[in-house]
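Have a look at the structure below, then the notes.
Bear in mind these aren't lab numbers, they're just calculated from the coordinates by the rules spelled out. Nothing here was measured: the structure is a model prediction, and the numbers come from that model. Please note: Cβ atoms are built from the backbone with ideal geometry, for glycine as well, and neighbour counts cover all protein chains shown.
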Amino acid sequence: LADSGGAGVRHDEGEALAWSVKAAGAGLPVARDQAGARYKLGLGVAANPQEARRWFEAGAKNGDAEAMYGVAMFYRDGASADAERAADWMMRALRADSFQATQSMMMGADKSSPAFRKALQMRLYKAGVYKGPISGRFDAATRKAIAKLSEQAAKD
């Protein structure tokens with residue numbers, strides 16, 4: 001969540017949330033992602049994963065790649081963890097050229113469950129960018145496949 005510095009303005013997370021929600025309601029895609037992040041992290045409001053997912057999904061439906069990543073993280077890590085749905089959303093985020101998704105999968109995929117990693121490898125295989133075993137190990141071949149998918153997304 002970007003901060004312009006706020007020189008001369010009192011820092012108020014609740015006010016920031018209100019403006020994010022207002023901008024999201026007016027159709028600003030990045031504001032939906034920001035509102036989702038604020039509900040996920042409890043910034044200006046009590047953390048509410050279901051409300052975070054709702055905002056992320058609203059942004060994702062409008063093509064916001066980072067919101068797609070937010071939905072993937074909800075299904076990967078949340079109380080409603082679902083490795084298959086998380087992998088579907090992660091592929092959508094990667095195909096939409098989400099910086100966060102690419103970085104997360106290149107650098108921190110080992111934090112994901114083996115079931116999620118296998119499901120994502122299967123989707124990378126079906127997308128034609130991965131030829132290795134569906135092992136759940138994010139080795140060099142898996143990272144290369146993610147990089148290739150990211151390169152393809154950047155070209156589109």
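Quick notes on this one:
- Evaluating 6.51 cos²θ - 1.76 cosθ + 1.60 at θ = phi - 60° for every residue in the range 76-92, the Karplus couplings come out as 6, 10, x, 4, 9, 3, 8, 4, 5, 5, 4, 5, 4, 5, 5, 4, 4 Hz, glycine and proline recorded as x.
- Full-stretch length increase - residue 26, residue 152 - with 0.36 nm per residue and alpha-carbon distance subtracted: 42.2 nm
- Rough spin-label spacing in nm, given labels placed 7 Å along Cα→Cβ, for residue 144 and residue 103: 2.6
- Using a cutoff of 8 angstrom between alpha carbon atoms and counting only pairs six or more residues apart, the relative contact order for the range 15-77 works out to 27 percent.
- The alpha-carbon of residue 144 sits under 22 angstrom from the alpha-carbons of these lysines, leaving out residues fewer than 8 places away in its chain: 111, 118, 126, 131, 155.
- Taking 7 Å steps out from each Cα toward its Cβ at residue 126 and residue 61 produces label points 2.3 nm apart.
- The range 87-137: C-alpha gyration tensor shape, a/c 1.5 cut-off, then a/b vs b/c: oblate
- Extending 7 Å from Cα along the Cβ direction at residue 137 and again at residue 47 yields two label points whose distance is 3.3 nm.
- Prolate/oblate/rounded call for the range 38-101, Cα gyration tensor, a/c under 1.5 rounded: oblate
- Straight-distance candidates among the lysines for linking to residue 22, with alpha-carbon spacing under 22 Å and chain neighbours fewer than 8 residues away dropped: 40, 61.
- In sequence order, calculated HN-Hα J values of the range 127-135 (Karplus, 6.51, -1.76, 1.60; Hz; x Gly/Pro): 7, x, 10, 10, 10, x, x, 8, 10
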